[in-house]
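Data first, discussion second: the structure below is written as structure tokens.
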Ligand code: MTE
């Protein structure tokens, strides 16, 4: 008898939380008694609630997103994080450090045309047109658990392609031991790059890196969309990295360059605070952040302001079966 082994991202076939869970922000504002006669929340209260709800009470017009064709993932018994929360509770310091800043400040980012340069230890360096890549790739949906280093989590239906399929086209050489990624550097478009304070003290451009075996792992994707459409600017349009067993900061956004290297590349958060953020950043409930525990997390799911649930954090964010072998013999307290 042939027993089908479930692959990494395939989760048990149970119920799927519907996409269109509607976050009725105005009625929540009303229930707090802070909608004024004009029907608008006071700005400071709205800001407070934005953070609470993971949404933008100020209803900033969002740049249009295009529908994408893709192969759906298996249904999952995980509850998806509702789309309004995925796209209004972000970290993208190029657009400010509060969770609602990216949705508010990134909408004018010009994402088309967009090219991605692949260089370094490859036989055929080159430039990819990202919008062509989207059309030419057989995009897949990947419903992934995502764990932020700040101890909150989401479940997101990404659309993308395995990074290894792209890298292989450029023929990595035997000296390619690491992969370095770089975000667009354009202070005219990205206010956080113009101000040390607004941009959280990061030395831009934002950079990230993976070991080559991590980059080639089938769970590692280049995401170009979520919830059926191209990425919102605040989530890293038009192309970003998603590595579900690592803390969210590895998921570098709006990538313009991928460089294969022999030496371990620098990474933005490690440069900023090396004792707090390591190169590996694997989700690990046994290794606390110096300032807080990583043993549990607040899951941002459906419902109103106080409905997020506390749950235990899983080793490698629940992907241990697929990735633990990449780190066998390594001291994960040292290589955090
Ligand atoms: N990429 C860039 N270029 N700039 C950033 O500030 N923040 C990181 C990561 N990628 C960041 C980035 C952090 S800290 C997290 S938690 C994730 O993006 C958040 O992704 P999301 O907003 O799509 O949930």
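One table, with the values for the structure above:
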| quantity | calculated |
| --- | --- |
| Stretchable slack from residue 165 to residue 117, in nm (0.36 nm times residue separation minus alpha-carbon distance) | 15.8 nm |
| Two-site FRET efficiency, residue 132 against residue 335, from Cβ-Cβ distance with R₀ of 30 Å, rounded to 0.05 | 0.20 |
| Isotropic mean projected area of the C-alpha convex hull, segment 19-327 (nm²) | 16.0 nm² |
| Label-point separation in nm, residue 104 to residue 296, each point 7 Å along Cα→Cβ | 3.1 nm |
| Relative contact order for segment 19-327, counting Cα pairs under 8 Å that sit 6 or more residues apart, in percent | 20 percent |
| By average C-beta atoms within 10 angstrom, highest first, the peptides 235-247, 280-292, 176-188 | 235-247, 176-188, 280-292 |
| Full-stretch length increase - residue 186, residue 328 - with 0.36 nm per residue and alpha-carbon distance subtracted | 47.1 nm |
| Ordering of 322-332, 249-259 by burial proxy (mean other Cβ atoms within 10 Å per residue, highest first) | 249-259, 322-332 |
| Residues residue 197 and residue 321, FRET efficiency given R0 of 45 Å [Cβ-Cβ distance, rounded to 0.05] | 0.55 |
| Segment 259-276 residues near the modelled residue 174 label - backbone nitrogen below 11 Å, point 7 Å along Cα→Cβ | none |
| Ordering of 65-71, 162-168 by burial proxy (mean other Cβ atoms within 10 Å per residue, highest first) | 162-168, 65-71 |
| Taking segment 241-305 and dividing mean pair separation by its residue count, relative contact order in percent (alpha carbons under 8 Å, at least six apart) | 24 percent |
| Spin-label proximity, residue 276 to segment 66-91 - amide N less than 19 Å from point 7 Å beyond Cα toward beta carbon | 90-91 |
| FRET efficiency estimate (nearest 0.05) - Cβ-Cβ, residue 97 to residue 287, R0 22 angstrom | 0.35 |
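None of the figures in this text is laboratory data; all of them are computed from the coordinates on show. It should be emphasised that the depicted structure is a prediction, and the values quoted were computed from it without experimental measurement. Methodologically, a virtual Cβ is constructed for each residue, glycine included, from the backbone with ideal geometry; neighbour enumeration extends over all protein chains shown.
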